[in-house]
Every structure is written in structure tokens, then in C-alpha cells.
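Trainee: One structure, pasted below without further comment.
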Amino acid sequence: MSRSAHPAGPRHADVLPEGHYAAPAEDLNALDPKVWAHTVGRDADGVVTVGGIAVTQLAEEYGTPAYVLDEADFRDRARAWRTAFGNDADVFYAGKAFLSRAVVRWLHEEGLNLDVCSGGELATALSAGMPAERIAFHGNNKSPEEIERAVRAGVGRIVLDSFQEIVRVAHIAQTLGKRQRVQIRITVGVEAHTHEFIATAHEDQKFGIPLAGGQAAEAVRRALQLDGLEVIGIHSHIGSQIFDMSGFEVAAHRVVGLLKDIRDEHGVELPEIDLGGGLGIAYTSDDDPREPHEIAKALTEIVTRECESARLRTPRISVEPGRAIVGPTAFTLYEVGTVKPLDGLRTYVSVDGGMSDNIRTALYDAEYSVALASRTSDAEPMLVRVVGKHCESGDIVVKDAFLPGDLAPGDLIAVPATGAYCRSMASNYNHVLRPPVVAVRDGEARVIVRRETEEDLLRLDVG
Ligand code: LLP
């Protein structure tokens, strides 16, 4: 999924036969601000600090592994998106990247909206006080109960994903005596992964209603006839970890084309378009993400230009960044358990977590960086693979990286850019307990999601 997930080879390494990578030229103690949260640095003793707190202190108080989240950085990034898009657009944070009640409160305070895609995410959002009208409800197979709960709560929009759902939501809304605001999610025939897109390649998937063959137009036709629905716009989400805006350009062109067809056929100008999320972040120093203001400018210009040429009023734009807000704000702190050099190959560094707290490496071949966090070292770099404690050889956290050659059990290492899709996709594989999320700000740390306990596991196991 990450640009670096593709077979470009290991970071800092000239690709030689497996296991014979050239050592990095740069200082292993340096922390590239591109991949670390804003307040991360090292103190006078060389210990990594975040929000003014040393990771050694965090490990002592909260244990390892732990996700450590820089609250100031989260708020900065959320605000940067909000400011970049201004008052004529809406930013919906995609809760699937990472959601907790503290996060919902921060989003609320920073003026963002929230995208949820299950009853559980909806419950979290509502319980932390996000106003329902600022919530968008997504998903390709929302249950009738979830739909009813969302309609009753008064969510600002439900994003419809199929012909059956159009009828289902209309029926539920009507039964409740309501008219539900909806967008219709379409697939525009663009596949956008990393820096490239393959036009027309991506209608073959479970999300959305294809533009091709007039299906999206037919969906709008049907939805406009139903009393229970107020059709407010069209939705398109083209992919993940995208660095290149050209996929959005094609998507905007096609969405606006549909708006024009709708205007011509029904005499209705839909007031909103949502261009989804998917903006890439830096997992390693090789990734070069765009800043929110550049993205906002590009998207606004594309939509305005397309609407002008179609002689349409420019609709209100919304976007749904998840990873781009929370991804860079957290790192995972692990304690090294064993260091196993394999002659002529590499050194395996085992940590106290693994694929249960970060499935992305195993699932997407994602690439991560890693740093020795509890001290600095001038030892020669060694090529390592950071692996977890699970009973599976694919249990890899960082596939290829360099760490100091004197790394030893008891050292703390940190893997940056794990804020998105790590805790939210964590599992209990091997009955390993999911780590806490510790938020740090201005010299204070607090647990926002506590560590799982064996009692938690046993409570579900009713015998
Ligand atoms: N909006 C919609 C409709 C989505 O489906 C998604 C992500 C987003 C927004 C947010 O995308 P983001 O800005 O976070 O890339 N588990 C994968 C990512 C799956 C994304 C699913 N949809 C990963 O770890 O890379």
C-alpha cells in the first residue's frame, strides 16, 4: 500500500544479493522529521523524547509495546487540513485509521467532521459528543440496525453504496418519518495506488456503483424519486497512500461529468461532492507527501475548473483524510527481547509485539523505519529485520533496516508512522494483548486506550 511497499528494495540500501546490503551513509541516531511526530527529539542523554517526555519514562510507566501518540501533532495536522480547506469545504477525518473517544473530542474541538463505517465507530463518535450532523456513515454492507441507529441519531449523511441500500435507507428513513441526507458513492474507473493510476481498471471491486454503463446515473435516478432520501451529492474514493494528484484529477472530471448529466436530465444541481481520502504519508525518508494546503489548492482548482467548463455551480467539496492526519502522529515503542545474528544473512531483532499490533507489513508488504530509542550509539550499522513474538515467520514489523551493531536485549526501539491502521487493525493473535495508546502533550502523558488484560480476553471466553 505504501509507495515503499512496492518492490523498490530496502531503505538506505543498494540492492545486492539478499542480506548483503550496503550500510547507510547517514547517522543512525538522527530522527528524520518527515517520518517522526513533530515534538519527537532526543534529550541530552540521547533518549528519544516526545511531548517533552523520555521514552524510557513512558516504558517504565506504561510498559511496552505501546503506541505513543503526540497529541499536539495530531491537533496541528487536523487544524492544517481544516485551515487549508477553509469554510467552503468540509474535512471528515476517516475514523477507520484510528478512533478513540479522545480523538473524537480533539476533532470536535479542531472543527473537523468524522467519517465512520460501522455501528462501533458510530457509537464511539456519539459517546464522545461528536454532533450527529457532523458524522458521515459509510460502508458497503451496513446492517438495517446500523442504518436505523444512524438515521435516528440524525447523522449528517449516509453514503449509499448499492442499489439495494438506496431502497433500504429510504425505507428506514420513511418509516421513522425522516428524510435522510445521502451521497451516492460511485466508482469512476480510476485505480490510484501510490504515485500511479490505471484508468478504467478499478470498477471490479466491492465499493460503490460504477459510472460505467450508466449505473451511477441510474442510482441517482432511483434515489431522487424516493421520499425518504435527500440526495446531496456524489462520493468518490480512489485509493490509498496516494502521492500523485492525477488520479483525483480524473476522478473530479468524471464526478463533475455526472453532476452535469444529472442537471441535464433532472434539472437538479447537486450541492456537494466528496473526493474521499487516501493521501499518502512518509513511512520512510524516501516518501514525499504533499502538504494539506497544496492538496486543498489542487483539489479546489480541479473541481472549479471542471465545473466552469460544465457550466455548473461549484459544489461544496469534502475530503476524508485518515492516515494523513493520524499516521505520522504516533510511533510504536517496543523492547528488544533477543538479537539473533544469522551468519551471512542478517540479524533478527525480536520485540515484544509484532503482527498483532502492526499487520501492515505482513498484509501489504509495507515498509517502515526504526530507531534505537533508549540511547544513541556510535557502533557500526547492522542490517536487521525487526520481528515480533508470534508463531509465524511472516510476523515481521520492519523488513529491512539498519540499527547499531551493539543493539542488545532491554534496548527500546521505536517504529514511527504507526498512528494509522495499526491499533485499528490490531488483533489478539496468539492471545497477545493489544497495546495501549498513550497520548503525550506538553510534558504530560495519559492513556487514551488502555492495554488489554488477560481478564479482558477471558471475559469474552464464556466457557
Ligand atoms: N474514505 C473512504 C471512503 C475510505 O474507504 C477510506 C479508507 C478513507 C476515506 C481514508 O483513507 P486514508 O486517508 O486513511 O488513506 N488498511 C489499509 C488502508 C485501508 C483504507 C480503507 N479506506 C492500510 O493500512 O493501508
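The values are calculated or read from the model by the stated rules, or taken from the named source; none is laboratory data. If you're wondering where the values come from, they're calculated on a predicted model, not measured in any experiment. Here the Cβ is made from the backbone with ideal geometry for all residues, glycine too, and neighbour counts use every protein chain on show. Just so you know, the surface numbers come from the protein's heavy atoms only, side chains and all, with ligands and any DNA or RNA stripped out. Shrake-Rupley method; radii C 1.70, N 1.55, O 1.52, S 1.80 Å.
Trainee: Sort out which residues of the range 125-142 are open to solvent by 20 Å² or more (accessible area, probe 1.4 Å) and over 22 Å from I273 (Cα atoms), and write them in order of number.
Mentor: Once the filter is applied, which keeps residues that are open to solvent by 20 Å² or more (accessible area, probe 1.4 Å) and over 22 Å from I273 (Cα atoms), the range 125-142 yields L126, S127, G129.
Trainee: Contact list please: Cβ distance under 7 Å, first residue in the range 430-441 and assigned to a strand (DSSP E or B), second residue modelled with pLDDT under 95 and buried (at least 24 other Cβ atoms within 10 Å of the Cβ), pairs at least six apart or on different chains.
Mentor: none
Trainee: Moving to a separate point now. Going by the structure shown, is A401 closer than 22 Å to A37 by Cβ and open to solvent by less than 50 Å² (accessible area, probe 1.4 Å)?
Mentor: The answer is yes for A401.
Trainee: Suppose we keep only residues that are open to solvent by less than 20 Å² (accessible area, probe 1.4 Å) and in contact (Cβ under 8 Å) with a residue 60 or more places away in the chain within the range 293-307. Which one would you say is nearest to A84 (Cα to Cα)?
Mentor: So the residue we want is A296.
Trainee: Restricting attention to the range 221-239, report how many residues are open to solvent by less than 20 Å² (accessible area, probe 1.4 Å), at pLDDT 95 or above and not in a strand (DSSP E or B).
Mentor: 3
Trainee: Checking L312 against (1) more than 14 Å from the ligand (Cβ to nearest atom); (2) modelled with pLDDT of 95 or more; (3) in a helix (DSSP H, G or I), which single condition isn't satisfied?
Mentor: Status for L312: all satisfied but (3).
Trainee: Moving on to the next point. Looking at the range 362-374, can you tell me whether even one residue there is closer than 17 Å to E335 by Cβ and assigned to a strand (DSSP E or B)?
Mentor: yes
Residue-wise test of (1) open to solvent by 60 Å² or more (accessible area, probe 1.4 Å); (2) not assigned by TED's automatic domain parsing to the domain that holds I184.
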site	(1), (2)
A123	no, yes
P144	yes, no
I147	no, no
V155	no, no
E165	no, no
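Trainee: Is one or more of the residues making up the range 193-208 at pLDDT 95 or above, at negative phi and assigned to a loop (DSSP other than H, G, I, E, B)?
Mentor: The answer is no; no qualifying residue exists.
Trainee: Quick one: L345 ticks every box in (1) open to solvent by 70 Å² or more (accessible area, probe 1.4 Å); (2) among the aliphatic types (A, V, I, L, M); (3) within 13 Å of the ligand (Cβ to nearest atom) bar one, so which box is it?
Mentor: (3)
Trainee: Identify the single condition in (1) within 16 Å of the ligand (Cβ to nearest atom); (2) more than 21 Å from Q183 (Cβ to Cβ); (3) open to solvent by less than 10 Å² (accessible area, probe 1.4 Å) that P321 does not satisfy, given that it satisfies every other one.
Mentor: Failed condition: (2).
Trainee: Any chance the range 362-375 includes a residue that's open to solvent by 10 Å² or more (accessible area, probe 1.4 Å) and of a type in the set (V, I, T)?
Mentor: yes
Trainee: Given the options V462, V447, name the one that is surrounded by fewer than 21 Cβ atoms within 10 Å (Cβ to Cβ) and in a loop (DSSP other than H, G, I, E, B).
Mentor: Checking each option against the conditions leaves just V462.
Trainee: Further question: Given (1) modelled with pLDDT of 95 or more; (2) aliphatic (A, V, I, L, M); (3) outside any loop (DSSP other than H, G, I, E, B), identify the lone condition not met by L299.
Mentor: That leaves (1) as the condition not met.
Trainee: When you check A330 against the structure, is it open to solvent by less than 20 Å² (accessible area, probe 1.4 Å) and within 16 Å of the ligand (Cβ to nearest atom), yes or no?
Mentor: Spelling it out, A330 is indeed open to solvent by less than 20 Å² (accessible area, probe 1.4 Å) and within 16 Å of the ligand (Cβ to nearest atom).
Trainee: If we scan the range 267-275, do we find a residue that is in a helix (DSSP H, G or I), of a type in the set (V, I, T) and over 23 Å from P33 (Cβ atoms)?
Mentor: no
Trainee: Could I ask something else about it? Can you say whether A408 is in a loop (DSSP other than H, G, I, E, B) and open to solvent by 10 Å² or more (accessible area, probe 1.4 Å), as far as the supplied structure shows?
Mentor: So A408 fits the description; yes.
Trainee: Against the conditions (1) open to solvent by 40 Å² or more (accessible area, probe 1.4 Å); (2) part of a loop (DSSP other than H, G, I, E, B), where does F98 fall short? Just the number, please.
Mentor: The one condition F98 does not meet is (1).
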